[in-house]
Amino acid sequence: MPGRLHSKTAIITGSSSGIGRATALAYAREGAQIVCSDVREQPLNDRPEGTSTTVQEIEKLGGKAMFVKCDTSKAAEVEDLVRRAVEWAGRVDVMVNNAGIALEATDPRPVWDYPESYFDATLAVNLKGVFLGTKYAALQMKGQAPLPSGDRGWIINISSILGLNGTPGNSGYVASKHGVLGLTKTAAWDCAECRVHVNAICPGYTATSMTSPFWDKADVREKLERMHPFRGLGEAEDIARAAVFLASEDAGWVTGVALPVDGGYSCM
Ligand code: NAD
């Protein structure tokens with residue numbers, strides 16, 4: 001049986017660790033070839049399986065992948081990332097704008113004490129980076145031939161439950177993730193006439209290097225677990241499965257959504 005993403009080419013930003021890495025591996029298992037992209041090729045220290053790169057893991061699965069170094073906050077680098085993918089594969093079917101940072105994870109501050117430098121750095125990666133990835137992917141996708149389904153591409157932006165809700169001490173992160181949802185809805189309108197899907201995923205708290213600094217503290221862990229009706233922290237693979245759906249023909253009539261994948265957090 002061909003996989004659900006058989007012969008699609010996907011770019012995934014921030015793919016060396018966490019949710020991006022799990023998405024790259026899930027896509028490879030479903031038959032896609034992957035352009036892995038990150039500011040660093042080695043994974044951050046969050047996975048038990050060691051230090052192999054995402055490309056190496058995909059090759060172990062028998063899949064095809066390449067790595068392109070790219071800082072998503074830099075327009076020239078994102079434009080070059082898409083260009084390199086097209087050189088490699090001839091087209092870009094799926095763009096996952098996943099790269100993100102959370103400076104507040106180790107240093108939450110109330111708004112009056114929130115450093116301007118944190119705000120600027122967070123917006124540059126989490127919002128401008130997603131804008132640039134959406135812009136250059138859409139530019140490529142709108143000019144390429146449609147697949148048999150009639151679709152020219154699938155763009156998936158990783159927002160957060162903190163794109164739907166506030167939380168104390170996280171002005172920059174929460175503002176950036178709300179911005180991703182506004183961008184997603186507008187780009188969905190813009191891209192619809194070319195039959196390019198633009199959707200967002202809103203993960204709940206998920207076990208990656210981003211959450212490990214506070215997840216190890218028993219009191220914080222207990223509090224956060226209580227906020228998820230399914231009582232826990234999600235796994236990166238939980239988010240990856242939703243990203244497979246949104247890149248597949250199963251999402252043929254889906255665009256402009258903000259899909260919570262959060263063990264029920266957002267129904268509180
Ligand atoms: P992570 O820290 O494990 O991985 C993030 C990856 O992005 C890293 O490999 C890092 O090197 C890369 N990166 C950082 N800045 C970059 C840049 N400027 N250009 C390219 N790559 C860059 O974190 P994660 O939890 O896997 O986060 C992935 C996405 O999911 C982020 O957008 C994050 O905000 C979002 N998210 C995470 C959670 C969670 O609880 N972990 C919850 C909701 C949303």
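Bear in mind these aren't lab numbers, they're just calculated from the coordinates by the rules spelled out. Everything quoted here is computed from the prediction, not taken from an experiment. When we count neighbours, we look across all protein chains shown, and the Cβ atoms used for this are built from the backbone with ideal geometry, even at glycine.
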Could you work out how far apart the two model spin labels at MET1 and ASP250 are, taking each label as a point 7 Å from the Cα in the direction of the beta carbon, and quote it in nm? 1.0 nm
Does the stretch 1-143 classify as rounded, prolate or oblate by the C-alpha gyration tensor (a ≥ b ≥ c root eigenvalues; a/c under 1.5 gives rounded; else a/b over b/c gives prolate, otherwise oblate)? oblate
For the chain, the longest stretch holding no chymotrypsin sites (Phe, Trp or Tyr not before Pro) located in a DSSP loop with at most 13 other Cβ atoms within 10 Å is which? 1-229
Which aspartates and glutamates, if any, have their Cα less than 16 Å from the Cα of LYS8, not counting same-chain residues under 8 positions apart? GLU30, GLU87, ASP93, ASP151, GLU249, ASP250
How do 103-109, 181-187, 237-243, 7-13 rank on mean C-beta neighbours within 10 Å, highest first? 7-13, 237-243, 181-187, 103-109
For a quick check, take a GNM of the chain with Cα springs below 10 Å and name the residue from GLY133, GLY62, GLY232 with the largest mean-square fluctuation. GLY62
The stretch 9-267: C-alpha gyration tensor shape, a/c 1.5 cut-off, then a/b vs b/c: prolate
Give me the extension gain from LEU147 to ASP219: residue separation times 0.36 nm, minus the current Cα-Cα distance, reported in nm with one decimal. 20.9 nm
